[in-house]
Amino acid sequence: MAGQFRSYVWDPLLILSQIVLMQTVYYGSLGLWLALVDGLVRSTPSLDQMFDAEILGFSTPSGRLSMMSFILNALTCALGLLYFIRRGKQCLDFTVTVHFFHLLGCWFYSSRFPSALTWWLVQAVCIALMAVIGEYLCMRTELKEIPLNSVPKSNV
């Protein structure tokens, strides 16, 4: 139907490509944040920092730095939601989807279900930050005024 504002058409290929894109943004930016933090403290990078639930914790400096990387990654991914999803209503959906696939990745990588309370707390904070900031940014752009080019009217 023509003339509807923001008519939604079911497009599974678009949704699947957005999921893949957000996973790429998530792991790409998390890898960059972890590499930056590891470079600052001269630590050896490892996939354990990304996928092992036992690494995150308050007791070790590497655990605290990994938690900081996850929090900074949530902020970076909120920008990914702004640029690639562009709909405030879909930010929570894509955020939970990204973290669900991360949960599956952690489970597969370590061959056990993540049971560390710190891991779950960090993931909950990251989900909240990414969804709320992403939705705020998307809503800001959705609520911008639509410029109307006013052409001077001719006097008839």
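Each value in this text was obtained by applying a stated rule to the coordinates, not by laboratory testing. Here the structure is a predicted model, which is why all the values come from computation and not from measurement. FYI the Cβ positions are ideal-geometry reconstructions off the backbone, even for glycines, and counts take in every protein chain you see.
Numerical summary
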{"quantity": "The chain: calculated mean residue ellipticity at 222 nm from DSSP helix runs of at least 4, using -39500 (n - 2.57)", "calculated": "-22000 deg cm²/dmol"}
{"quantity": "Residues of the stretch 38-56 with amide N under 14 Å of a point placed 7 Å along Cα→Cβ from Ala116", "calculated": "46-56"}
{"quantity": "Cα centre as origin, Lys/Arg/Asp/Glu Cβ charges: the stretch 33-87 dipole, Debye", "calculated": "340 debye"}
{"quantity": "Reference-scaled alpha-carbon Rg (2.2 N^0.38 Å with N residues) for the stretch 13-122", "calculated": "1.08"}
{"quantity": "In Hz, Karplus ³J(HN,Hα) per residue of the stretch 64-70 (6.51, -1.76, 1.60; θ = phi - 60°; x = Gly, Pro)", "calculated": "5, 5, 5, 4, 4, 5, 5"}
{"quantity": "Inter-label distance for Leu148 and Leu13, nm, one decimal - labels placed 7 Å from Cα along Cα-to-Cβ", "calculated": "3.7 nm"}
{"quantity": "Student exercise, the chain dipole from Lys, Arg, Asp, Glu Cβ charges, in Debye to nearest 20", "calculated": "460 debye"}
{"quantity": "Relative contact order for the stretch 8-137, counting Cα pairs under 8 Å that sit 6 or more residues apart, in percent", "calculated": "32 percent"}
{"quantity": "Arg86-Val125 pseudo-label distance in nm [points 7 Å out on the Cα-to-Cβ vector]", "calculated": "3.3 nm"}
